[in-house]
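Report on the following structure.
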Amino acid sequence: MSRIPDERPLNPKPEVVDGLRRLLPRESVLTTEAELAPYECDGLSAFQQRPLVVALPETVEQVQAVMRLCHEMEVPVVARGAGTGLSGGALPLADGVLLSLAKFNRILGIDPANRSATVQPGVRNLAISEAAAGHGLYYAPDPSSQIACSIGGNVAENSGGVHCLKYGLTVHNILKLKLISVEGELFEVGADALDSPGLDLLALMTGSEGMLAVIVEVTVKLLPKPERAQALLAAFDSVEQAGAAVAEIIGAGIIPAGLEMMDRPAIRAAEDFVHAGYPTDVEAILICELDGFNAEVSFDVMRVRDLLLASGAADVRTAADDAERLRFWKGRKAAFPAVGRISPDYYCMDGTIPRRQLGPVLRQISALSEQYGLAVANVFHAGDGNLHPLILYDANNPGELEQAEALGGAILELCVEVGGTVTGEHGVGVEKLNQMCVQFNSAELNQMHAVKAAFDPKRLLNPGKAVPTLHRCAEFGAMHVHHGELKFPELPRF
Ligand SMILES: Cc1cc2nc3c(=O)[nH]c(=O)nc-3n(C[C@H](O)[C@H](O)[C@H](O)COP(=O)(O)OP(=O)(O)OC[C@H]3O[C@@H](n4cnc5c(N)ncnc54)[C@H](O)[C@@H]3O)c2cc1C
């Protein structure tokens, strides 16, 4: 299925393959249908497109040479890490080079004194913590996909995870990047020290979804492993109460290492799948993990327990030992595949809202789910207000995928309406281009296009992703008039 939103006219230049073959070993240039098939989508498999060619360089010099060639020939390039992205960021282009960083999989060094690790972009997220464990250190951002996703992809998406509530997103946990520009130049942003002079290009590059440069090296911060971690599991008879409890805990000045919520459909799916010991007759559970020094954790466990009960929790369990703590998390971490067992297909949304809106927004999602006739399971980073509604559908039923997309769009627009954003941690990719038109006005989008043009004037790096054209927004705005206000009134409608 090809459902590509790119608005560029196609301009295939098959001669780029010969050019690549001159630069790379034979086995590093893939062109046959069978070779290209594994690259035709990322984790958002509703969008599929085979690239013109896949290039698998393994040295920085090779990446530079590939970029120089593509720049000279004006061939677009899409960088790819592990392909676990959920918004179509690594979706190839029919006339483009898919630049896989999979061979950049070495840990270059661990510096315990500086509490940092320098790694190649294709290194798996979890592999960094595994390598640092011997020094009593770990890398904090932990996307649920951490056994598979690459650190380059994490930087490009500014990924989050359970522990980001306390320890920050990827952007807060990296020190330095080495990148290749669209012209093939090697440059560095950030520093080994905690601050670097000049404009904060490190933050700009983080979350730029492969649109500004290709990451070829990442220096991450490492943290000492906490002395103790303790988890509580609270059961609620309503999602509103669970949402209110989240706001109470954070409002009390406690910052848990993780604070996650699951609603009834998600609880049941996870319990059936991994038998985590969750109560299945409740409307919502919260899993709250506290970490730090022993005495500090003991004190906070008591405070959180009191707050949960005062917020109306029907039951609060404290994990008796580490095995039970890990069992609490096992259900949460397996929730996505667990939902995959109860529905032929599901569509994972990702939006963020102010925490105090959790209860009302979950209630409205439930109303939207009825309106669109598709079930929704919620499992998400409640402490960050980062929602992940999983919309259940069956792609074999004509029109259901489109209905799921329409429901997803309505949920994201609801997030914007209550003061939130259309992304939490999964990026915009091709998935949320329309909702970017709801979030930003034309002046704001123009600024983003201007930044892109400063790094990539010919629009060769991952074109068509992350920032919608104003024409696209005008078209979308013509369909979606909010509160009687026509978006982008200055642009012609089609
Ligand atoms: C089951 C599951 C659970 C998930 N849970 C989470 C979660 O908890 N939190 C979260 O944040 N995400 C989550 N994700 C989404 C995904 O894993 C992250 O977005 C991850 O960071 C993508 O990494 P990747 O290596 O797979 O990147 P890819 O999917 O290959 O690429 C993602 C984007 O990064 C760009 N890119 C990749 N490498 C480079 C590079 N070297 N230079 C420049 N650009 C590059 C690509 O062009 C693309 O735009 C989940 C995904 C799945 C399938």
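The values are calculated or read from the model by the stated rules, or taken from the named source; none is laboratory data. Being a predicted model, the structure only gives us computed values, none of them experimental. Note that each Cβ is placed from the backbone with ideal geometry, even for glycine, and that neighbours are counted across all protein chains shown. Side chains included, ligands, DNA and RNA excluded: accessible areas come from the protein's heavy atoms. Shrake-Rupley method; radii C 1.70, N 1.55, O 1.52, S 1.80 Å.
Give me the pairs, please: first residue somewhere in the range 423-441 and closer than 18 Å to residue 463 by Cβ and among the basic types (Lys, Arg), second residue anywhere and open to solvent by 30 Å² or more (accessible area, probe 1.4 Å) and away from the ligand (no atom under 13 Å from the Cβ), beta-carbon distance under 9 Å, and either six or more positions apart or on two chains.
432/439
Quick one: residue 91 ticks every box in (1) under 21 Å from residue 222 (Cβ atoms); (2) within 17 Å of the chain's Cα centre (by Cα) except a single one, so which number is it?
It fails just one condition, (1).
Among the residues in the range 426-437, are any at pLDDT 95 or above, open to solvent by less than 60 Å² (accessible area, probe 1.4 Å), farther than 30 Å from residue 380 by Cα and within 16 Å of the ligand (Cβ to nearest atom)?
No, every residue in the range 426-437 fails to be at pLDDT 95 or above, open to solvent by less than 60 Å² (accessible area, probe 1.4 Å), farther than 30 Å from residue 380 by Cα and within 16 Å of the ligand (Cβ to nearest atom).
Could you list all residues from the range 356-403 that are charged (D, E, K, R) and surrounded by 22 or more Cβ atoms within 10 Å (Cβ to Cβ)?
Correct list: 384 only.
Are any of the residues in the range 232-239 at pLDDT below 95 and either under 25 Å from the mean Cα position of the chain (by Cα) or on the phi > 0 side of the Ramachandran plot (or both)?
Taking the range 232-239 first, the residues at pLDDT below 95 are 238-239.
Subsequent filtering for residues that are either under 25 Å from the mean Cα position of the chain (by Cα) or on the phi > 0 side of the Ramachandran plot (or both) retains 239.
Yes - at least one qualifying residue is present in the range 232-239.
For the range 228-250, state whether one or more residues are without any contact (Cβ under 8 Å) to a residue 24 or more places away in the chain and surrounded by fewer than 17 Cβ atoms within 10 Å (Cβ to Cβ). Explain how you work it out, then say what you get.
Taking the range 228-250 as the starting set, the residues that turn out to be without any contact (Cβ under 8 Å) to a residue 24 or more places away in the chain are none.
Taking every residue of the range 228-250 in turn, none turns out to be without any contact (Cβ under 8 Å) to a residue 24 or more places away in the chain and surrounded by fewer than 17 Cβ atoms within 10 Å (Cβ to Cβ).
More than 23 Å from the chain's Cα centre (by Cα) and more than 14 Å from the ligand (Cβ to nearest atom): which single residue out of 113, 117 fits that description? Explain how you work it out, then say what you get.
Numbers: 117 fails: more than 23 Å from the chain's Cα centre (by Cα).
Testing whether each residue is more than 23 Å from the chain's Cα centre (by Cα) and more than 14 Å from the ligand (Cβ to nearest atom) leaves just 113.
Which ranges mark the strands (runs of 3 or more DSSP E) fully within the range 302-399 that have 3 or more residues being more than 20 Å from the chain's Cα centre (by Cα) and modelled with pLDDT of 95 or more? Spell out the reasoning first.
Working: elements: 315-318, 345-348, 376-380, 389-393.
Correct list: 315-318.
Which residue, of 358, 326, 307, is of a type outside the set (Gly, Ala, Ser) and in contact with an Asp or Glu (Cβ under 6 Å, 6 or more places away or on another chain)?
On the way: 358 fails: in contact with an Asp or Glu (Cβ under 6 Å, 6 or more places away or on another chain); 326 fails: in contact with an Asp or Glu (Cβ under 6 Å, 6 or more places away or on another chain).
One residue alone meets the criteria, 307.
Do you know which of the residues in the range 207-219 that are closer than 17 Å to residue 463 by Cα and in contact with a strand residue (DSSP E or B) (Cβ under 8 Å, 6 or more places away or on another chain) is surrounded by the fewest Cβ atoms within 10 Å (Cβ to Cβ)? Working first, answer last.
Taking the range 207-219 first, the residues closer than 17 Å to residue 463 by Cα are 207-215.
Filter once more, keeping what is in contact with a strand residue (DSSP E or B) (Cβ under 8 Å, 6 or more places away or on another chain): 210-215.
Working: 210: 27, 211: 25, 212: 21, 213: 26, 214: 26, 215: 30.
Among them, the one singled out is 212.
Go through (1) open to solvent by less than 30 Å² (accessible area, probe 1.4 Å); (2) in contact (Cβ under 8 Å) with a residue 60 or more places away in the chain; (3) not polar (S, T, N, Q) and name the single condition residue 455 misses.
Going through (1) open to solvent by less than 30 Å² (accessible area, probe 1.4 Å); (2) in contact (Cβ under 8 Å) with a residue 60 or more places away in the chain; (3) not polar (S, T, N, Q) one by one, residue 455 breaks only (1).
So which residues in the range 139-157 are within 12 Å of the ligand (Cβ to nearest atom) and closer than 13 Å to residue 218 by Cα?
Looking only at the range 139-157, we keep the residues that are within 12 Å of the ligand (Cβ to nearest atom), and these are 141-157.
Passing the criteria: 150, 151, 152, 153, 154, 155, 156.
What about residue 408, is it buried (at least 24 other Cβ atoms within 10 Å of the Cβ) and assigned to a loop (DSSP other than H, G, I, E, B)?
Against the criterion (buried (at least 24 other Cβ atoms within 10 Å of the Cβ) and assigned to a loop (DSSP other than H, G, I, E, B)), residue 408 does not qualify.
Of everything in the range 38-83 that's in a strand (DSSP E or B) and of a type in the set (A, V, I, L, M), which residue is most open to solvent (accessible area, probe 1.4 Å)? Before you say what the answer is, go through the steps one by one.
Kept after step one, since they are in a strand (DSSP E or B), are these residues of the range 38-83: 53-55, 77-80.
With of a type in the set (A, V, I, L, M) added as a condition, the list becomes 53-55, 77-79.
Values: 53: 0, 54: 0, 55: 0, 77: 2, 78: 2, 79: 31 Å².
Among those residues, the one meeting the criterion is 79.
Looking at this structure, is residue 34 without any contact (Cβ under 8 Å) to a residue 60 or more places away in the chain, out of contact with any Cys (no Cβ under 9 Å at 6 or more places or on another chain), part of a loop (DSSP other than H, G, I, E, B) and more than 12 Å from the ligand (Cβ to nearest atom)? Working first, answer last.
Details: without any contact (Cβ under 8 Å) to a residue 60 or more places away in the chain: yes; out of contact with any Cys (no Cβ under 9 Å at 6 or more places or on another chain): yes; part of a loop (DSSP other than H, G, I, E, B): no; more than 12 Å from the ligand (Cβ to nearest atom): yes.
For residue 34, the condition - without any contact (Cβ under 8 Å) to a residue 60 or more places away in the chain, out of contact with any Cys (no Cβ under 9 Å at 6 or more places or on another chain), part of a loop (DSSP other than H, G, I, E, B) and more than 12 Å from the ligand (Cβ to nearest atom) - is not met.
Tell me the residue from 19, 88 that is at positive phi and open to solvent by less than 50 Å² (accessible area, probe 1.4 Å), please.
Working: 19 fails: at positive phi.
Every option except 88 fails the conditions.
If I ask for residues that are farther than 15 Å from residue 368 by Cα and either within 16 Å of the ligand (Cβ to nearest atom) or not assigned by TED's automatic domain parsing to the domain that holds residue 368 (or both), which ones from the range 391-425 would you list?
Correct list: 421, 422, 423, 424, 425.
Across the range 153-200, what is the total count of residues that are over 22 Å from residue 109 (Cβ atoms), open to solvent by 20 Å² or more (accessible area, probe 1.4 Å) and over 20 Å from the mean Cα position of the chain (by Cα)?
Result for the range 153-200: 6.
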